[in-house]
């Protein structure tokens, strides 16, 4: 079943084994002319002088568009050696013909500079002029305006040798700091850009189209109200706890062995236990049986494994309170001998909880020993917290239902991971084709060619082959019902 894939991995290795010709891309010049109009829109003319070496298909420009900003792309031209402009034609698919371009996901521009049948570039210089408009580029915080913009782009493959910017401001915008007629920089390595920040004052009529970074008044009031409610809740909590005496220092002066014998050990152990945690459960029942056995009121015998026999040694009419409640429950029907098996058989249809049977009388005795305080605790905070919890539960239930619906639409985790692994395998295969300089027509993902070319900087022949083999092993593990999460984690470390 895996033989064809292993043959494919071998073929990929043979492809990658071929020596690949070096590829290089750089910008000899990156010249920007920008104008900020009265309404706050930035009109840009960008001249890129690019130098290609290798089998590049063309160029790519990624625009950093922030939320609530808008890019209006006007067009792109190629300038030939005679300084004649050739407008590129827009297409809705991958540009397959010379001088075609496409805008994908509204912020990524790609254009075709070489056909697959053409020879690779050899230090070839090409010049392109891009024209576009950016709206919402001016930021506002309270009454302060600010132009804070990256006039280059960091997400590129090569170095910019020389960068220049000429910025013109409409008279409606008055800079609050020095503005040069021309800015220069360079060289700019890949990942570096040119950000210019200028504080501005608006003197024009009307309101410019700006990006207001200040918080709306409603949001400020809502956040303030929530913070105030939180502070009030914390203060109310501490006031309530203080009124209950939670913060009163506890003095240990005079607490010694004699005090413990007089104040604690004079009371039955089940009473002390119930007073300590304010609850009655099996611990108090065991303590009661042990005390009554020690006092001769009961006699116990281990009759078998996991079974015990009890005998009543006194007249039950002489017992009171929680002692009588326990005896009546265990020694049902007036009997004087009982056992674990007998109790289970008698109460098999209705059940029997000895802790619940003695709770009322035992807690009455606890309150005689440790009288409750007179502080009345309001149930309103508990009610409020309960309602808030109900709202959160409903909210989480809605999120859970949406998540489950999404999971149902997407299929099982195993099937989804397998689908993604097959897609990743196809991408790694194409990367191997590029590394091996094979025929470009073998590519399965031609629309991803620019991204694959960037990946070549991180993948050599051996790493690409290891990645392809690891994906094959991951798919085999999924076939053997391995955990999708474990498979995904393992593959992340392998690639």
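Every residue, every condition in (1) under 43 Å from the mean Cα position of the chain (by Cα); (2) at pLDDT below 95; (3) over 16 Å from residue 60 (Cβ atoms), yes or no:
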{"site": "92", "(1), (2), (3)": "yes, yes, yes"}
{"site": "114", "(1), (2), (3)": "yes, yes, no"}
{"site": "119", "(1), (2), (3)": "no, yes, yes"}
{"site": "122", "(1), (2), (3)": "no, yes, yes"}
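Pairs are defined by a Cβ separation below 7 Å, a sequence spacing of at least 6 or placement on different chains, a first member in the stretch 331-358 that is over 22 Å from residue 280 (Cα atoms), and a second member that is part of a helix (DSSP H, G or I); the pairs so defined are 338/330; 346/332. Taken residue by residue, the stretch 82-101 has at least one member that is surrounded by 15 or more Cβ atoms within 10 Å (Cβ to Cβ) and in contact with a helix residue (DSSP H, G or I) (Cβ under 9 Å, 6 or more places away or on another chain). For the stretch 109-121, indicate whether the set of residues that are in contact with a helix residue (DSSP H, G or I) (Cβ under 6 Å, 6 or more places away or on another chain), surrounded by fewer than 18 Cβ atoms within 10 Å (Cβ to Cβ) and in contact (Cβ under 8 Å) with a residue 12 or more places away in the chain is non-empty. Yes.
Taking the condition touching a strand residue (DSSP E or B) at 6+ places or on another chain (Cβ under 8 Å) and either modelled with pLDDT under 90 or part of a loop (DSSP other than H, G, I, E, B) (or both), does residue 83 pass? No: the conditions fail for residue 83.
Counting the residues of the stretch 314-350 that are exposed (fewer than 15 other Cβ atoms within 10 Å of the Cβ), out of contact with any strand residue (DSSP E or B) (no Cβ under 9 Å at 6 or more places or on another chain) and not in a loop (DSSP other than H, G, I, E, B) gives 9.
The single condition from (1) touching a strand residue (DSSP E or B) at 6+ places or on another chain (Cβ under 8 Å); (2) outside the structural domain of residue 52 (by TED's automatic domain parsing) that residue 159 fails is (2).
Residue-by-condition table, conditions (1) in a loop (DSSP other than H, G, I, E, B); (2) at pLDDT below 95; (3) buried (at least 16 other Cβ atoms within 10 Å of the Cβ):
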| position | (1), (2), (3) |
| --- | --- |
| 25 | no, yes, yes |
| 29 | no, no, yes |
| 38 | yes, yes, yes |
| 45 | no, no, no |
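Every residue, every condition in (1) closer than 28 Å to residue 104 by Cβ; (2) free of Cβ contacts under 8 Å to residues at least 12 places away in the same chain, yes or no:
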residue	(1), (2)
425	yes, no
430	yes, no
439	yes, yes
460	no, no
468	yes, no
484	no, no
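Please determine whether any residue of the stretch 142-149 is under 25 Å from residue 440 (Cα atoms), surrounded by 18 or more Cβ atoms within 10 Å (Cβ to Cβ) and assigned by TED's automatic domain parsing to the domain that holds residue 28. No, every residue in the stretch 142-149 fails to be under 25 Å from residue 440 (Cα atoms), surrounded by 18 or more Cβ atoms within 10 Å (Cβ to Cβ) and assigned by TED's automatic domain parsing to the domain that holds residue 28. Does residue 136 count as surrounded by 15 or more Cβ atoms within 10 Å (Cβ to Cβ), touching a helix residue (DSSP H, G or I) at 6+ places or on another chain (Cβ under 9 Å) and either assigned by TED's automatic domain parsing to the domain that holds residue 168 or within 30 Å of residue 175 (Cα to Cα) (or both)? No: the conditions fail for residue 136. Of all residues in the stretch 456-495 being assigned to a helix (DSSP H, G or I), over 28 Å from the mean Cα position of the chain (by Cα) and under 17 Å from residue 417 (Cα atoms), which is modelled with the lowest pLDDT? For the stretch 456-495, the residue satisfying everything is 479. Just one of the listed residues (280, 285) is in a loop (DSSP other than H, G, I, E, B), surrounded by 17 or more Cβ atoms within 10 Å (Cβ to Cβ) and either outside the structural domain of residue 229 (by TED's automatic domain parsing) or modelled with pLDDT of 90 or more (or both), and it is 280. The strands (runs of 3 or more DSSP E) falling completely within the stretch 144-239 that include 2 or more residues that are more than 29 Å from the chain's Cα centre (by Cα) and at pLDDT 90 or above map to 163-169, 173-175, 183-185, 195-202.
The values are calculated or read from the model by the stated rules, or taken from the named source; none is laboratory data. In this text the structure is predicted, and so the values were computed from the model without any measurement. Every residue, glycine among them, receives a Cβ derived from its backbone with ideal geometry; neighbour counts consider all protein chains shown.
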